[in-house]
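The structure appears right after this line, and notes come after that.
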Amino acid sequence: MKKKDERRRPRPPNFVRFVLVGILLALYIPLICVVVGAFRQTEGMGAFNWFKEVLQDETLLEALWNSIVVGFCASLGATVLGAGAAIAIHRGRFWGRPLLEILSYVSLVLPEIVFALALLSWFFVLNVSLGLSTVIMAHITFSISYVILTIGSRLASFDPSLDDAARDLGASEWQVLWKITIPILGPSLLASFLLSFLLSFDDFLITFFVNGVGSDTLPVKLYAFMKIGITPKLNALATMMWALTAVLLFVSFRSPAFKGTLKGDVE
Amino acid sequence: MKLARWLALPSLGWFLFFILAPMMLIFAISLAHRGVYGQIEWGFSLGNYTSLISPVILKIFFKTICFAGGTALACVSLGVLAAWGMAAAPKVYRDLLLALIVVPFLTNGLIRILGLKTFVSVDGPLDMILSWLHIPHDPFSLSTNIYLVGVGMVTSYLPFAVLPLYGAFEKFDFSLVEAAQDLGARNRTVLFRIVLPVLWKPLVGAAFLVFIPCLGEYLIPDLLGGAKALLLGNLITEKFLKARDWPVGSALAIGLIFCLLVSWVILSYLERKRHEEER
Amino acid sequence: MALLEIVDIDKAVEGQIILNKINLSVNEGEFFSLLGSSGCGKTTLLRLIAGLDKPSSGEIRLDNKRIDNLPPQHRPTKMVFQKYALFPHMTAIDNVAFGLRLRKLPEAQVREKSMNALDMFGLKNFAGRKPETLSGGQQQRVAVARALVNEPRVLLLDEPLSALDQKMREHMQTELRALQKRLGLTFIYVTHDQEEAMILSDRIGVMNSGRLEQVATPRDLYDDPKTFFVASFVGQMTKLSGQLDGAQGEYFRVALPNGEKIQARKKSELKAGGAIAFVRPEKILVLPSSSPAPADQNVLSGQISQIHFRGDQTELEIDCGLKQKVSAYMMSSDDNFKNGQNVKICFCPTETWLFDEGAT
């Protein structure tokens, strides 16, 4: 059927092509400006001068460390919680299942700012001091739904007779989970982890609301600097951040599991 | 599966604790009162809500809805054309185009905004181009203005619209178009009678995918709009983090949610009406 | 020597009845097939025996002990699944060893038993391969090995050959039958292919819409069907519908729409009015119309409308002025007939069976 499809796609009128090219330009020109701006030379200094400055800036390095720690912990938490939820939703009937599905949907649809201030108020009322831990908790919360979606779509194409075969051969439900379900879900779990990490690494608004003194992540620092003014150093910082996410994306696109999951998301 | 409830319990508990409870708290705060030193004085008063019905705040609501709606419209219109172009491209290019759209989508919003700011900055590319073309302009007003906010919103949210529309185009059966053309339909008829009805649902879905986050957008108006472009997101943030007036801020947030619910209800109504028309 | 007894099993899911009062006993060392079309409940019954589902009511006993309240791991049954259900992330030998390892047997013993099981199917050299690199036939053998290595008392097979091509299927049929005889193990085999069931089985249980219609040897099912469904489902039949017109003991007169009358033997409870007479095509004798009609036989006259040459057999379609065409088989060497020829068809009343459509 795919071969038939290939022939039958009517060519769009030229202006559609122009629009597409125009859109790609509009999306990429700003990004190119960032990269080019990072190499702006002032007398006496080399092309990579700004990059060196970024790497020597202690506050930025600290923020990078915070971003990585938060990203890692939040991804771990979200993947574990989300995987459990996805498996339960797809395999079982339990009290509270519709509630879980609704809350997962709400978490996706809720505007970031509402979620951010709700959490801030909640932490305040609970007398929890703001810091990296509150940021991690917030990041876990918004990532779980994405994990549920990713793993859920993999579970939808999971052969149900595998579970039956394992039970027939003597496995308890717990053993089926550990020896069969989770190993087969492996690539999806990794994809969920990476997705959560990217979401966490790039998050600004929620982190801005719930972080404390000294627990700035990289996006928050970037914002603070942008408020003061645009400098080539900022461009260098942004370029490096972009490079980091690009590398992560490239690495994960190589793995077939991730590609399959992303295509599933698009559809 | 008996194990299911134990697997679900942690995330269910997490959601109840970190989403449901905070939301209820916001609602409670919106009914409270701001004390002299900025603390929350609990009580039950609708004062915060009535204060929302002031011309200043209503204007901001209106402005935000217009911006979000306009962005959604622009993103969907441009997005459907882009998705069409992508879906009809030769297979070799299709994956490349998809990747090209996805990369900005997964790039940090701040970086994209920085790019725009760099582009329009004093002595930046736009400034230089306009000077070279001898078009009179004020370099300083270039870098923060309301049009820039619009451009920023559209370029930020375009991938949100293009990706699902691309998915819809991939699934679209183009032989329907050919059949219609074979039966003598002109391009306009094909568009309105064949393509749009099928694509209607993904189009509306994409529009919502853009509209909802746009309503609460903070960064773009803040960094690209300067003082003049105060949208709902900025107002709420100001109330919360600067003015320390959490009750009013919460009321504003509830107002935002209210706008969302209203638009969702309108959508469901339109959807139901269209279904009835089909019968 | 009944090994497995199924007593009054009912299964209903969300108001829909899947199985209705199933009673069955399977003997030790028997190759028993459950035969029926899709949706008749045969796979559900198999799953109940395996312990993958629970019956709504009734009991399942093995060796006179109840097993329907036991989980799958405590039952001495093992199942081979339709799509093999091999674990994709494990090698062939790890698949086979899975059940043994769950029982915490010493690793050396596990490896030895698993390799022997694979060897039994000629798959020793494929032990380290993942399922996706194996052919359909090889995967199927690994699935059987995986079940057998756990030494079950009963092997349950759920349409294991349906995904294979014809040649492979025939080869595996022979292998499975030989294996079963060699091991002396009890097999319960689910299939919708009646030829397959007839070739493989000692006894067959024919199922229809959740009911067990008849349990008999292949020969008895063919020569002595007890219900309308079994008669229609097993083997070929020529059907003649008409009105009941008087009876003499077991034998009824049936008035056909074309005016002629035939005698038929009652096989199920009949209601007054319409009934359908069944005759096996090979039991219908076709004679030129000039030949004398033998006495004590049902005789109809008609015209040959089609001749299908089938190798050693030829099928003749005869138009007798009825809605249905009469199919008759004869040896090709005996066939001298031409299209359009007027003929007499004769068949014995004892071989003409009357079934009422609604009766069981």
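The values are calculated or read from the model by the stated rules, or taken from the named source; none is laboratory data. Everything quoted here is computed from the prediction, not taken from an experiment. Here the Cβ positions follow ideal geometry from the backbone for every residue, glycine too, while neighbour counts run over all protein chains shown.
Counting only residues that are of a type in the set (K, R), give me the strands (runs of 3 or more DSSP E) lying completely in region C:1-79 with at least 1 of them.
C:2-13, C:16-27, C:57-62
Assuming C:K78 fulfils every condition listed in (1) under 22 Å from A:D159 (Cβ atoms); (2) more than 25 Å from the chain's Cα centre (by Cα); (3) modelled with pLDDT of 90 or more apart from one, which condition is it?
Tallying (1) under 22 Å from A:D159 (Cβ atoms); (2) more than 25 Å from the chain's Cα centre (by Cα); (3) modelled with pLDDT of 90 or more, C:K78 fails exactly one: (2).
Quick check on C:T186: is it among the β-branched types (V, I, T), more than 21 Å from C:G39 (Cα to Cα) and without any contact (Cβ under 8 Å) to a residue 40 or more places away in the chain?
For C:T186, the condition - among the β-branched types (V, I, T), more than 21 Å from C:G39 (Cα to Cα) and without any contact (Cβ under 8 Å) to a residue 40 or more places away in the chain - is not met.
Checking the conditions here, which among C:D312, C:D296 is modelled with pLDDT under 90 and within 32 Å of the chain's Cα centre (by Cα)?
C:D312
Look through region B:209-265, keep the residues that are over 17 Å from A:E112 (Cβ atoms) and facing chain A (nearest Cβ under 10 Å), and return whichever of them is surrounded by the fewest Cβ atoms within 10 Å (Cβ to Cβ).
Only one residue fits best here, namely B:W264.
Limited to region C:100-126, what total is found for residues that are within 13 Å of C:V142 (Cβ to Cβ) and either aromatic (F, W, Y) or within 9 Å of chain A (Cβ to nearest Cβ) (or both)?
Counting residues in region C:100-126 that are within 13 Å of C:V142 (Cβ to Cβ) and either aromatic (F, W, Y) or within 9 Å of chain A (Cβ to nearest Cβ) (or both) gives 2.
Quickly run through region B:38-54 and pick out the residues that are free of Cβ contacts under 8 Å to residues at least 40 places away in the same chain and over 17 Å from B:A243 (Cβ atoms).
Across region B:38-54, the qualifying residues are B:W42, B:G43, B:F44, B:S45, B:L46, B:T50, B:I53.
C:N69: surrounded by fewer than 18 Cβ atoms within 10 Å (Cβ to Cβ) and either among the β-branched types (V, I, T) or touching a residue at least 24 places away in the same chain (Cβ under 8 Å) (or both), yes or no?
Answer is no for this residue.
If only one of B:F62, B:F119, B:F105 is without any contact (Cβ under 8 Å) to a residue 12 or more places away in the chain and either under 30 Å from A:A236 (Cα atoms) or within 9 Å of another protein chain (Cβ to nearest Cβ) (or both), which one is it?
B:F119
For region B:84-92, state whether one or more residues are part of a helix (DSSP H, G or I), more than 10 Å from every other protein chain (Cβ to nearest Cβ) and at pLDDT below 85.
Yes, region B:84-92 contains at least one residue that is part of a helix (DSSP H, G or I), more than 10 Å from every other protein chain (Cβ to nearest Cβ) and at pLDDT below 85.
Go through the residues of region C:122-132 one by one and say whether even a single one is aliphatic (A, V, I, L, M), part of a helix (DSSP H, G or I) and either surrounded by 15 or more Cβ atoms within 10 Å (Cβ to Cβ) or out of contact with any Gly (no Cβ under 8 Å at 6 or more places or on another chain) (or both).
No, every residue in region C:122-132 fails to be aliphatic (A, V, I, L, M), part of a helix (DSSP H, G or I) and either surrounded by 15 or more Cβ atoms within 10 Å (Cβ to Cβ) or out of contact with any Gly (no Cβ under 8 Å at 6 or more places or on another chain) (or both).
Take region A:199-220 and flag every residue that is facing chain B (nearest Cβ under 10 Å) and charged (D, E, K, R).
Once the filter is applied, which keeps residues that are facing chain B (nearest Cβ under 10 Å) and charged (D, E, K, R), region A:199-220 yields A:D202, A:D203.
Residue pairs, Cβ under 7 Å, 6 or more apart or interchain, first in region C:42-64 and on the phi > 0 side of the Ramachandran plot, second assigned to a loop (DSSP other than H, G, I, E, B). List them.
That search, which allows pairs on different chains as well, returns C:G51/C:L70; C:G51/C:P71; C:G51/C:R75.
Residue pairs, Cβ under 7 Å, 6 or more apart or interchain, first in region B:242-271 and closer than 9 Å to B:S30 by Cβ, second of a type in the set (K, R) and assigned to a helix (DSSP H, G or I). List them.
B:V248/B:K239; B:G249/B:K239; B:L252/B:K239
Among the residues of region A:160-170 satisfying the criterion of being in a helix (DSSP H, G or I) and small (G, A, S), which is surrounded by the fewest Cβ atoms within 10 Å (Cβ to Cβ)?
A:S161
Against the definition (among the hydrophobic types (A, V, I, L, M, F, W, C), farther than 17 Å from A:V213 by Cα, modelled with pLDDT under 90 and in contact with a helix residue (DSSP H, G or I) (Cβ under 8 Å, 6 or more places away or on another chain)), how does A:W95 come out, yes or no?
Here the answer is yes, as A:W95 does meet what is asked.
List the residue pairs whose Cβ atoms are under 8 Å apart, where the first residue sits in region A:190-210 and is without any contact (Cβ under 8 Å) to a residue 40 or more places away in the chain and surrounded by fewer than 24 Cβ atoms within 10 Å (Cβ to Cβ), the second is assigned to a helix (DSSP H, G or I) and of a type in the set (A, V, I, L, M, F, W, C), and the two are 6 or more positions apart or on different chains.
Listed pairs, sorted by first residue: A:F204/A:V220; A:F204/B:L110; A:F204/B:L219.
Kindly evaluate C:G137 against the criterion of being over 18 Å from C:K181 (Cα atoms), more than 14 Å from chain A (Cβ to nearest Cβ) and either in a helix (DSSP H, G or I) or among the polar types (S, T, N, Q) (or both).
Spelling it out, C:G137 is indeed over 18 Å from C:K181 (Cα atoms), more than 14 Å from chain A (Cβ to nearest Cβ) and either in a helix (DSSP H, G or I) or among the polar types (S, T, N, Q) (or both).
Quick one: A:A88 ticks every box in (1) more than 16 Å from the chain's Cα centre (by Cα); (2) surrounded by fewer than 20 Cβ atoms within 10 Å (Cβ to Cβ) bar one, so which box is it?
Condition (2) is where A:A88 drops out.
Within region B:133-145, is even one residue buried (at least 23 other Cβ atoms within 10 Å of the Cβ) and either under 20 Å from B:L203 (Cβ atoms) or within 26 Å of the chain's Cα centre (by Cα) (or both)?
no
Mind listing whichever residues of region A:142-188 are of a type in the set (A, V, I, L, M) and facing chain C (nearest Cβ under 7 Å)?
Once the filter is applied, which keeps residues that are of a type in the set (A, V, I, L, M) and facing chain C (nearest Cβ under 7 Å), region A:142-188 yields A:L162, A:A165, A:L169, A:A171, A:I180, A:I184.
From the list B:L114, B:L130, B:L97, B:L110, exactly one residue is more than 24 Å from A:F253 (Cα to Cα) and either within 11 Å of another protein chain (Cβ to nearest Cβ) or touching a Cys at 6+ places or on another chain (Cβ under 8 Å) (or both). Which is it?
Checking each option against the conditions leaves just B:L114.
Of all residues in region C:182-199 being surrounded by 23 or more Cβ atoms within 10 Å (Cβ to Cβ) and not hydroxyl-bearing (S, T, Y), which is farthest from C:E351 (Cα to Cα)?
Looking at residues that are surrounded by 23 or more Cβ atoms within 10 Å (Cβ to Cβ) and not hydroxyl-bearing (S, T, Y), I get C:F187.
I need the full set of residues from region C:203-256 which are aromatic (F, W, Y) and in a strand (DSSP E or B), in order please.
Residues satisfying the conditions are C:Y251, C:F252.
Residues that are of a type outside the set (S, T, N, Q), more than 12 Å from chain A (Cβ to nearest Cβ) and in contact (Cβ under 8 Å) with a residue 60 or more places away in the chain: list the helices (runs of 4 or more DSSP H) wholly contained in region B:133-204 that include at least 2 such residues.
So the answer is B:146-171.
Do you know which residues across region C:18-39 are farther than 17 Å from C:D8 by Cα, out of contact with any Lys or Arg (no Cβ under 6 Å at 6 or more places or on another chain) and crowded, with 17+ Cβ neighbours inside 10 Å?
Residues satisfying the conditions are C:E30, C:F31, C:S33, C:L35.
Only one residue in A:V125, A:V114, A:V109 is free of Cβ contacts under 8 Å to residues at least 40 places away in the same chain, facing chain B (nearest Cβ under 7 Å) and surrounded by 23 or more Cβ atoms within 10 Å (Cβ to Cβ), so which one is that?
One residue alone meets the criteria, A:V114.
Out of the residues in region B:25-62 that are in a loop (DSSP other than H, G, I, E, B) and of a type in the set (A, V, I, L, M), which is nearest to the chain's Cα centre (by Cα)?
The selected residue is B:I53.
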